[in-house]
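The values are calculated or read from the model by the stated rules, or taken from the named source; none is laboratory data. A quick note: this is a predicted structure, and the numbers were derived from the prediction, not measured. Note that each Cβ is placed from the backbone with ideal geometry, even for glycine, and that neighbours are counted across all protein chains shown.
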Amino acid sequence: MPKLFIVVNVDWFFLSHRKEVALAAQREGYDVTIVTNNTGMKSVIEGIGLKVIDLPMSRSGKNIIEELSTLKFLYKLYRKEKPDVVHHVGLKTILWGTLAAKLAKVRGIVNAISGLGIFFSAEKMSFSSKIFVQLLRFSHHCNNLAVIFQNDEDKSLFLRNHIIGESQAYMIKGSGVDLNQFCYTTEPNTIKIKVLLTARMIPEKGIFILIDAANLLKSEYKDKVQFLLCGGIDDNPNAIKEEELKAVCDGDYIQWLGYRMDVLELLKSSNIVAFPSYYKEGLPKSLIEAAAVGRPIITTNSIGCKETVIEGYNGFLVPIKNSEILAACLKKLFDDPTLRTSMGKNSRCLAEKDFSIEDVIKKHMEIYKHLTTI
């Protein structure tokens, strides 16, 4: 029985983005272990029949001693347990996990780039970013490695910086969505139109851009529309503070809902999904879920986000950090229920074409099989 380790920075992200892949691998005969930082969800992962090993790693930590201790931990773990395939998800786990796997001579390495985030946001990379690229280039220089990308820009960045070769690159559009669970639902017939944003509460997700757009429309729509911000406070040092959110949310026209587990129900009760992110996304799961439920989407014409919208077909693509154009697009949807309906149906068609969890699982199983047979 081949041994598979899936290494994810935090437990809740595993449950929301990689759980179905892990369970499918288990059904295919892999001995699956999840290596992740326990924030309270370890028992949930164990409850679905998966083994868990605690990962001593801080998502946003920059202490070099702590970072090297993560590398040492993974190296010793891989040497001891001898997994046949390790699957790293997220930049930091990829950085240290790939290096550890190379040194420990792990048979197969899978790295999933789920967005390059703030680290590569600057037009010119910082000194630390350049060091990061050098480390990636060294660790990825091996034959038994596959890198999964969610968009062409991230793939091009890795190829352009000679981190990997073309034959090592695989494209999978996002983490997938269960189209039976996230089924098409007609928009609710409620007094107020609801605009939903689901994301971690960090500025780069466009939180304040949406709030600015809402305020531009407030005089005309304050009794007709509600803006709902769904997401918890993040441990990112640049995250929005709770008091900052409360200062700009009035609890009625603009509401902050905090972290919620009932995202599907929130989507069903919403009319529009807005996500004006200028973060270097992979392919946002919140948007493929919105597409599956059948909601018109307004997002930015930027990396990762633009893969979920065909302009004028199932939503609108707006420039980053432009609350005026965002407000204008929102207004079009507020004033035209027929347009909302047609775009919502088109979103569902796009989800069925590109975002099925079955397709995502199939491609992962092919990669695992390839790495265990070379």
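A few remarks follow.
- Meets criteria (among the hydroxyl-bearing types (Ser, Thr, Tyr), within 24 Å of ASN151 (Cα to Cα) and not assigned by TED's automatic domain parsing to the domain that holds TRP256) for TYR313: no
- Being part of a helix (DSSP H, G or I), of a type outside the set (A, V, I, L, M), touching a helix residue (DSSP H, G or I) at 6+ places or on another chain (Cβ under 6 Å) and in the same structural domain as TYR313 (by TED's automatic domain parsing) is not true of SER342.
- Lone qualifier among LYS321, LYS331 - being part of a loop (DSSP other than H, G, I, E, B), over 30 Å from PHE5 (Cα atoms) and of a type outside the set (S, T, N, Q): LYS321
- Test: residue in the range 148-163 that is assigned to a helix (DSSP H, G or I) and more than 28 Å from VAL86 (Cβ to Cβ): no
- Listed here are the helices (runs of 4 or more DSSP H) enclosed by the range 177-284 that have at least 2 residues being under 17 Å from SER323 (Cα atoms) and in contact with a Ser or Thr (Cβ under 7 Å, 6 or more places away or on another chain): 207-221.
- In the range 321-338, the residues that are surrounded by 14 or more Cβ atoms within 10 Å (Cβ to Cβ) and out of contact with any strand residue (DSSP E or B) (no Cβ under 9 Å at 6 or more places or on another chain): SER323, ALA327, LYS331
- Here ASP235, ASP262 are screened, and the one residue that is farther than 14 Å from VAL293 by Cβ, among the charged types (D, E, K, R) and either without any contact (Cβ under 8 Å) to a residue 40 or more places away in the chain or assigned by TED's automatic domain parsing to the domain that holds ARG295 (or both) is ASP235.
- Entry remark, the range 140-152: residues being buried (at least 17 other Cβ atoms within 10 Å of the Cβ) and at pLDDT below 90 number 1 in total.
- Hey, PHE14 touching a residue at least 40 places away in the same chain (Cβ under 8 Å) and surrounded by 15 or more Cβ atoms within 10 Å (Cβ to Cβ) or not: yes
- Residue count for the range 5-32, restricted to those that are within 27 Å of ILE288 (Cα to Cα) and not in a helix (DSSP H, G or I): 9
- The residues of the range 262-299 that are among the aliphatic types (A, V, I, L, M) and under 13 Å from the mean Cα position of the chain (by Cα), listed by number, are LEU283, LEU287, ILE288.
- Among residues of the range 96-115, those that are touching a residue at least 60 places away in the same chain (Cβ under 8 Å) and among the hydroxyl-bearing types (Ser, Thr, Tyr), counted: 1
- Subset of the range 300-315 that is crowded, with 24+ Cβ neighbours inside 10 Å and closer than 12 Å to PHE275 by Cα - its residue that is farthest from the chain's Cα centre (by Cα): GLY315
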